[in-house]
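The next block holds one structure in the form of structure tokens; read it before the comments.
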Amino acid sequence: MLSVSDAFSITQDHTLTLPTERVSLDDALGRILREPVRADRDFPPFDRVAMDGIGIRYADFSSGTLSFSVAGMQRAGQPQQNLTEAGTCLEVMTGAMLPIGADTVIRYEDITVADGSATIAIEAIQPGQNVHHRATDRQAGEELLSAGTRLGPAELAVAASVGHITLTVTALPRVALISTGDELVDVGDTPLPHQIRRSNTYMLRAALATLGIRATLHHIIDDEAVLADRLSTLLAENDVLILSGGVSAGKADFVPEVLAGLGVRKAFHKVNQRPGKPLWFGTTSAKTVFALPGNPVSTVLCAHRYVLPYLRASLGLAPALPTYAQLTAPVTFRPDITYFLPVQLSSAPDGRRLAQPLPGSGSADFANLLATSGFMELPADRSDFGEGEAFPVWLSGGI
Ligand SMILES: Nc1nc2c(c(=O)[nH]1)N[C@H]1C(S)=C(S)[C@@H](COP(=O)(O)OP(=O)(O)OC[C@H]3O[C@@H](n4cnc5c(N)ncnc54)[C@H](O)[C@@H]3O)O[C@H]1N2
Ligand code: MOO
Ligand SMILES: [Mg+2]
């Protein structure tokens, strides 16, 4: 059976080629930048006063002047003024241009002001102190944000500061999330004894929202003709279909057959892993279909191990690497299958990352996911995993 790493590689070989679009700064949060953003001027663009106080010529101080007559005020937002006469100073405010002729700023806390004169009340003054010099942070033309960056609050602040009203970003894929199963009712309905409310597509929608993707939700009953009809429409309208359920060995598991009938080429069906063994993946020339096993823990694992990395790569985003953590207790798992063990992460006072096993009661136990930070990937060719041993953890918890 296909290994986890081979299955992962196959999905990554079929990532989407998404176009770019221009969006306004207001709509850019969470989007993936596709153009470099450069400094349009130096950062800071002028010698900038960094403290409220007075601006002086250091040479005056070093030649013995301690009292300076206040010749005026340079506030932030005012054009640059001149400090002309020796022995004088200008009051200067944080964010103002340093006046021409001044080179050093002394804080109000370090002077006394009386009768139009400011007298220095401290011993030591460094030349150039409290001045944030032009271009010390970044130079005009320097690349501030590179293509492939996800735009968060800090990135948007930088883009705003260099005048980007709009930004070129990766267009979002159209994604449909499709639950299948006669036993599933909607969240607002009261299930009959043989029914349950559907939850997988809500989980998937939230997981995709972390990438800024707004997927649509659909439900299809276990009927081959209905499935074929609805999936054909959804394939035409979307770039990616993500199904949940109907991919295993049951008599109502029609999904693989129906997809094949619609011309979706199977790239693989079944991966040597638990949970999530019946995972199905296929493509057409321009569309991708992930059919995830219906058990909720399997759906979560497959979403975080395959689907989100696939979408990240398609968006042009660097892969989210697993975090490594040490087991807090030994684990034994005999089958020659990659075991994705639910774990809760914490950190030890000495800085180690710890993973407490939370095996739960199997892949239908989705309440167990509430305490789960992620899935520890335990290799197929081993059975005993010792306390303190470190393995990769694919994060799935939180937002
Ligand atoms: N004879 C075999 N039986 C099963 C095998 C196998 O290899 N041989 N594999 C098992 C594994 S592993 C899994 S995982 C499941 C996968 O089943 P399906 O993908 O066919 O999913 P369903 O049969 O439709 O449902 C399974 C289970 O999940 C619940 N479910 C489905 N969708 C949702 C949803 N949207 N929200 C909440 N819960 C959902 C469904 O009610 C079932 O309880 O098959 C094993 N069987
Ligand atoms: O994906 Mo299944 O656990 O392995 O339920
Ligand atoms: Mg089934």
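Using Cα atoms only, what is the angle between the long axis of helix 200-209 and the major principal axis of the chain, expressed in degrees (0 to 90) to the nearest 10? Compared with the principal axis, the helix lies near 30 degrees.
For a straight C-alpha distance cut-off of 18 angstrom, the lysines reachable from residue 277 (same-chain residues fewer than eight places away being disregarded) are 251, 266. Given R0 = 41 Å, the distance between the Cβ atoms of residue 69 and residue 139 translates into a calculated FRET efficiency of 0.65.
Once the Cα atoms are used to define both axes, helix 224-237 deviates from the longest principal axis of the chain by about 20 degrees.
Quick one: if you stick a label point 7 Å off each Cα along the C-beta vector at residue 76 and residue 10, how many nm between them? The answer from the label model is 5.8 nm.
The ellipsoid equivalent to the alpha-carbon distribution of the range 48-132 has semi-axes of 17, 13, 12 angstrom, derived from the gyration tensor eigenvalues as √(5λ) and listed largest first. Remark on residue 391: its backbone amide H falls under 5 Å from those of 325, 327, a criterion applied only to residues 5 or more positions apart or on other chains, H modelled at 1.01 Å from N.
Would you work out the relative contact order for the range 323-395, in percent, from Cα pairs under 8 angstrom that are 6 or more residues apart? Let's see the in-between values first.
On the way: 158 pairs, mean separation 35.1, N = 73.
Once divided by the residue count of the range 323-395, the mean separation gives 48 percent.
Take the alpha-carbon positions of the chain, form their convex hull, and give its projected area averaged over all directions (one quarter of the hull surface) in nm². Present the calculation step by step, with values, prior to reporting the outcome.
Working: hull surface 110.0 nm².
Spelled out: convex hull of the Cα atoms, projected over all directions, averaged, 27.5 nm².
Among beta bridges identified by DSSP and lying wholly in the chain, the antiparallel ones come to about 65 percent.
Taken together, the values in this text are just the output of simple stated rules run on the coordinates, not laboratory data. From a predicted model like this one, the values you see are computed outputs, not experimental measurements. Glycine also receives a Cβ, built like all others from the backbone with ideal geometry; neighbour counts cover every protein chain displayed.
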